[in-house]
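K.L.:
Below is the structure I would like to discuss, written out as structure tokens.
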Amino acid sequence: MFQNQSQFPRSLFSGIVLLACGLSTTGCGNGDPFQRQPIQGSAKFEGKPIQFGTVRFEPVGNEPTGTTASIRDGSFRIERSSGVGPGKYNVYVQAFDKMDAGPPGAFPGEEGTPPQNILPEKFLNEAVIQVTVSKVTDDKPNEVALELK
């Protein structure tokens, strides 16, 4: 197969060196093309913390991605891995009277009544605020205070 048995190890070694050099200049694929940023904040309705809800960030311009997070006891946090890239975003909020429709393991039809929206209807289709997400560090995420009235 090989005329000289030493050709195989040498060519294998050369291939590994070339691959390593290529990865060192291009990275190993763990870079984030969206440059996602962490976000944390508070959410209040009529001065009271929203107990159960969701917050949604939707791009205003050419930002490549949006995200959604749960609101619990008036606060939310979006880790970098789920965040959005730097740019402008419309923020939408939903708030509910309870967290879920029933106990774990309940069969369909036995869950009870589903959670009810407690915000005025205008909040279903209107952004609460427009925010600018900036490049930050994980220990100092973007801060967003949502005060719904």
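K.L.:
Return the sequence-ordered ³J(HN,Hα) values of the range 137-149 in whole Hz as given by the Karplus equation 6.51 cos²θ - 1.76 cosθ + 1.60 applied to θ = phi - 60°, using x for Gly and Pro.
P.N.:
Result, ordered by residue: 9, 4, 7, 9, x, 4, 10, 10, 10, 9, 10, 8, 10 Hz.
K.L.:
Sticking with the crude label model, points 7 Å out along Cα→Cβ, report the distance from Ser81 to Thr132 in nm, one decimal please.
P.N.:
3.0 nm
K.L.:
Need the list of lysines near Lys149 for cross-linking: C-alpha distance under 22 angstrom, and skip anything on the same chain fewer than eight residues off.
P.N.:
Reachable lysines: Lys44, Lys48, Lys98, Lys122.
Laboratory data are not the source of any read-out in this text; all were calculated from the coordinates shown. The structure displayed is predicted, hence computed values, not measured ones. Methodologically, a virtual Cβ is constructed for each residue, glycine included, from the backbone with ideal geometry; neighbour enumeration extends over all protein chains shown.
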